[in-house]
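Just below is one structure, and these are the notes that go with it.
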Amino acid sequence: MKIAFVGKGGSGKTTLSSLFIRHLAASASPVVAVDADINQHLGAALGLSEAEAAALPAMGAHLPLIKEYLRGSNPRIVSADTMIKTTPPGEGSRLLRVREDNPVYEACARPVRLDDGEIRLMATGPFTESDLGVACYHSKVGAVELCLNHLVDGPDEYVVVDMTAGSDSFASGMFTRFDMTFLVAEPTRKGVSVYRQYKEYARDFGVALKVVGNKVQSADDVDFLRQEVGDDLLVTVGHSDWVRAMEKGRPPLFAHLEAENRAALRTLRETADASYAHRDWKRYTSQMVHFHLRNAESWGNAKTGADLAAQVDPGFVLDERLAVPQPS
C-alpha cells in the first residue's frame with residue numbers, strides 16, 4: 001500500500017507519519033519510508049541523530065543510477081538521459097518491490113531500527129537556496145516520483161511518504177500515486193485551507209483522501225473540523241506526552257504511546273488497508289501516462305531533445321502480478 005501524509009507546514013504531518021511508520025513496524029510489516037518534504041525531518045522523528053539523518057544518501061544525487069536501473073531493457077527508452085520524473089514503465093522496464101534488495105535501495109535506502117522492527121528509509125536530500133527560483137526545488141522529488149511510477153506493491157506491504165507541505169504537492173502528478181492520502185489538519189482556518197485545495201484535486205483524479213485532525217484540545221475543535229471537512233474527518237489526535245519526550249530526544253518505548261493515540265493509528269492502518277479493495281491498476285497507469293504526456297509537451301521534449309510520448313507503451317499496465325524478481 002502506498003500512503004502519503006500531507007498538510008500545511010507545522011501541522012504535525014511528519015510527526016504523525018513517523019508514528020504511523022512505527023505502528024507498522026511494530027507489527028513486523030515491511031515498510032519503505034520516504035522523506036519527500038522540503039524540510040527533511042522524518043529521520044529525526046524516527047529517532048536518528050542529527051549526524052545520522054544528515055548522512056542519509058540523497059535520492060536526487062543518485063538519479064542517474066535510478067534511471068539506468070529502471071530503464072532495464074525497455075526498447076522505448078533510447079537512453080537513461082531521456083527519462084524524466086514522469087517516465088512510465090513498459091515492457092522490459094525494471095520494477096521496484098518493497099521486500100526485495102536492488103541497486104536503488106542499496107544506493108538510496110538505509111535501515112532504521114525501531115523499538116519493534118526495522119524499516120528502510122529513503123530521503124530526497126536536503127534542499128538548498130540554489131534549489132529555489134529558476135532551479136525549482138520540485139526537481140528534487142523527481143527521483144521519488146520515478147520510483148513510485150515503477151513500484152509494484154501488494155497488501156501488507158507499505159510505502160509511506162512524508163510529502164512536501166501545503167499545495168506544493170500538486171507540482172506534479174505524484175499526488176495521484178497513492179492508495180490513501182492522509183491530510184493532517186489543525187482545527188483552524190489555516191489548518192483546513194490546504195484540505196480545500198487537496199479535495200479539489202483529489203476529486204478530479206479519484207484520489208482517496210481522509211483528514212487527521214491534529215492538536216485537537218476540545219470537543220469544539222472536533223466540531224470545527226467536522227463542520228469544515230465533513231465525513232472526510234477520520235480521527236483526531238490531541239496532546240501526547242510520548243511525542244513531547246520524543247521531540248526532546250528522550251523517546252520512551254513506542255509501546256508506551258497513549259492508548260487513544262494507538263487507537264488512532266490502528267484506524268489509519270485499517271483505512272489504508274481497506275483502500276486495497278478499490279485499487280485500479282489500469283486507472284493508475286493511465287494517470288501516470290496522462291501526466292507524462294503533459295510534462296513531455298510542456299517541457300520534457302525540449303529539455304531532452306526527444307519525443308517523450310514515444311516512451312509510452314500502450315499495451316502495458318502496471319500490476320502487482322508483475323512482481324517477479326528480475327536480474328539486476
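The values are calculated or read from the model by the stated rules, or taken from the named source; none is laboratory data. Please read all numbers here as calculations on a predicted model, not as lab measurements. Neighbour counts are summed over all protein chains in view; Cβ atoms, including those assigned to glycine, are modelled from backbone coordinates with ideal geometry. Note: areas computed on protein heavy atoms with side chains; ligands, DNA, RNA excluded. Shrake-Rupley method; radii C 1.70, N 1.55, O 1.52, S 1.80 Å.
Could you check the stretch 116-150 and list, in sequence order, the residues that are at pLDDT 90 or above and either among the aliphatic types (A, V, I, L, M) or farther than 22 Å from residue 93 by Cα (or both)?
Result: 117, 118, 119, 120, 121, 122, 123, 124, 143, 144, 146, 148.
Could you list, in sequence order, all residues of the stretch 191-209 that are among the charged types (D, E, K, R) and farther than 14 Å from residue 229 by Cβ?
204
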- Task: Quick one: in the stretch 93-115, of everything that is over 21 Å from residue 54 (Cβ atoms) and surrounded by fewer than 16 Cβ atoms within 10 Å (Cβ to Cβ), which residue is modelled with the lowest pLDDT?
- Result: 115
- Query: Does any residue of the stretch 47-61 turn out to be free of Cβ contacts under 8 Å to residues at least 24 places away in the same chain and under 26 Å from residue 281 (Cα atoms)?
  - Reply: no
- Item | Residue tally, condition more than 26 Å from the chain's Cα centre (by Cα) and either among the acidic types (Asp, Glu) or open to solvent by 60 Å² or more (accessible area, probe 1.4 Å) (or both), over the stretch 205-225 | 5
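Wholly within the stretch 34-92, which helices (runs of 4 or more DSSP H) include no fewer than the required count, namely at least 2 residues that are surrounded by 17 or more Cβ atoms within 10 Å (Cβ to Cβ)?
Fully inside the stretch 34-92 and qualifying: 42-45, 63-71.
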- Message: All but one of (1) over 21 Å from residue 174 (Cβ atoms); (2) in contact with a helix residue (DSSP H, G or I) (Cβ under 9 Å, 6 or more places away or on another chain); (3) of a type in the set (A, V, I, L, M, F, W, C) hold for residue 219; state the number of the condition that does not hold.
- Response: (2)
